[in-house]
Every structure is written in C-alpha cells, then in structure tokens.
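The values are calculated or read from the model by the stated rules, or taken from the named source; none is laboratory data. Every value quoted in this text rests on a predicted model; they were computed, and no experiment measured them. Glycine also receives a Cβ, built like all others from the backbone with ideal geometry; neighbour counts cover every protein chain displayed.
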Amino acid sequence: MTHKVAIILPVYNGGQFVKDMITELYKSTDFPFKLIVVDGFSTDGTKEYFEDIKNNLKTIFNHTNPEIEFYQIPKKGLVNAINFGIQKAGDLDVYLSQADVIHYKLYKMDWLEMFHKIAQNKKVGIVTGLGGWGISGKDFIDGFKWVGTWNCYISRETLNKIGLYDEQFTGGDDIDFTYRVINEGLDVVVCNYWVHHHQLTERNETHSGKQIKKMGALFKKKWKL
C-alpha cells in the first residue's frame, strides 16, 4: 500500500520526548504514512536516534509500510520547518504534529484513516480532534476557533488552494492559516474524540503575552480588521 499522507514532525532538542512520541505514533495507526522529520540541527542526539531506527522501522514498530525522511535545516522557527516539510511531502496530504505529542489508539476506528477520509471531501479544509483547536482572544478575533499545528490534517487540495503557512507570524500562524481556510469557503472539522495527548513542554517567547499582542496586531493589519 502506498503512502497517502506525510506526517510532518518539526523538532529541535526534543530528544527527551521524541522516542515516546514516535513509539506511540506507530502504535496508534495502521494507516500508511511517511514520516518527515525536520530538525534544526539538534545537539541532543535526535539525529542519531532517527539514524538508528529508520532502517529497521518495520521490525521495531511492526507497522504496515513505515518510512522516515530526516532533514536538517537551519533553525528558523517552527513555521519555517513546517513549510519545509509540507514542500518535501510532494503531492501527499499532510498531518502536522510536534515532538511532545503522543497519539493513542483509543477507539475501534483508525484516527489517521478517518482524518484522511474526512479530508477528501472537497468542502473540508482542515481536520482535527478534540484538543487540537483553540479559541483566540481579542488580540486576534475574539472567540475565533482555530486549529493548532500539533494536530492538524490538511489535504493536498486544500494546500494547493491556500498555500503554505505565513512565515511572518512567529506565533498565531495557525490562527492565520485557519482564517485563510475559512475565507476560502472551506470547513474546519473537529472530530468528537481524542486522538492525542499534548505533554505541554516549556514554550518559548512566541507564547508570551507581549508576542501574542504583537502577532495579533500583525494579523489585524494583514486582514484589515
């Protein structure tokens, strides 16, 4: 069975979480996917870990059709790494995740297969599960529901319409992308079940109140709000 989706995993010095994340990811779905790891030249053994496992994935994880592509690029932020991964995915759909996200196989259905099926509807722009979205405050659009880049399935058709994430945003990039999807007349689908657990590691300055206000102002200027 050929790959239908590329899971994009940006990582930088997330070695303490990556092993658990990868192990649980391969256990959580049997749907054929290609994993694209985009590393900002980590110094904690991340590269060595992926080199050790990528040639023995089927044996280690007992997955249907495992494949890992590992890239190292200059560290220019999460959005830059996501866009790099999306471009490397070629014509495949993409699912965005992060190194501190663990996926669980909680239900009889396969979460990735279901996301894929839902996203093939031409009216659907983004698919996520419970816990994969947030509600913005007044700095952006008060009450606006957006899908985070830790749990986001996007069809290739949507990407062809919407384009990549806007790299001028260092925070709020996922709000902007969701807004663009809705402006295109596409639906955002939140499935009524949990597919992941976010471990919530320490965040950088992109999540500070000052940065959120700055990015909110940029968002409003961009969209003339």
Consider only pairs whose beta carbons are under 9 Å apart and that are at least six residues apart or on different chains; among these, list those whose first residue lies in the stretch 1-26 and is free of Cβ contacts under 8 Å to residues at least 60 places away in the same chain and whose second residue is part of a loop (DSSP other than H, G, I, E, B) and surrounded by fewer than 16 Cβ atoms within 10 Å (Cβ to Cβ).
Asn13/Thr43; Asn13/Asp44; Gly15/Asp44; Gly15/Gly45; Gln16/Asp44; Gln16/Thr201; Tyr26/Asn62
Could you tell me how many of the residues in the stretch 100-120 are more than 18 Å from Ile8 (Cα to Cα) and either crowded, with 20+ Cβ neighbours inside 10 Å or without any contact (Cβ under 8 Å) to a residue 40 or more places away in the chain (or both)?
4
State whether one or more residues within the stretch 163-171 are under 18 Å from the mean Cα position of the chain (by Cα), at pLDDT 95 or above and under 21 Å from Cys191 (Cα atoms).
no
Considering only the stretch 73-95, I want to know if a residue exists there that is buried (at least 17 other Cβ atoms within 10 Å of the Cβ), free of Cβ contacts under 8 Å to residues at least 60 places away in the same chain and touching a strand residue (DSSP E or B) at 6+ places or on another chain (Cβ under 9 Å).
yes
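Out of the residues in the stretch 26-79 that are among the aliphatic types (A, V, I, L, M) and over 19 Å from the mean Cα position of the chain (by Cα), state the one that is farthest from Ile7 (Cα to Cα).
Ile60
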Selection within the stretch 149-167 - without any contact (Cβ under 8 Å) to a residue 40 or more places away in the chain, surrounded by fewer than 21 Cβ atoms within 10 Å (Cβ to Cβ) and on the phi < 0 side of the Ramachandran plot
Glu157, Asn160, Lys161, Ile162
Taking the residues in the stretch 200-215 that are surrounded by 10 or more Cβ atoms within 10 Å (Cβ to Cβ) and at pLDDT 75 or above as candidates, determine which candidate is farthest from Leu130 (Cα to Cα).
Lys214
Residues in the stretch 22-48 that are surrounded by fewer than 18 Cβ atoms within 10 Å (Cβ to Cβ) and among the β-branched types (Val, Ile, Thr): how many?
2
Within the stretch 85-99, take every residue that is within 15 Å of Ile154 (Cα to Cα) and of a type in the set (A, V, I, L, M, F, W, C) and give me the one that is nearest to the chain's Cα centre (by Cα).
Leu96
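When the stretch 62-72 is examined, which residues are found to be aromatic (Phe, Trp, Tyr) and surrounded by 15 or more Cβ atoms within 10 Å (Cβ to Cβ)? Spell out how you get there, then give the answer.
Restricting attention to the stretch 62-72, the residues satisfying the condition of being aromatic (Phe, Trp, Tyr) are 70-71.
Listed by number, the list holds a single entry, Phe70.
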Somewhere in the stretch 179-187, is a residue free of Cβ contacts under 8 Å to residues at least 60 places away in the same chain, buried (at least 19 other Cβ atoms within 10 Å of the Cβ), touching a helix residue (DSSP H, G or I) at 6+ places or on another chain (Cβ under 7 Å) and at positive phi?
no
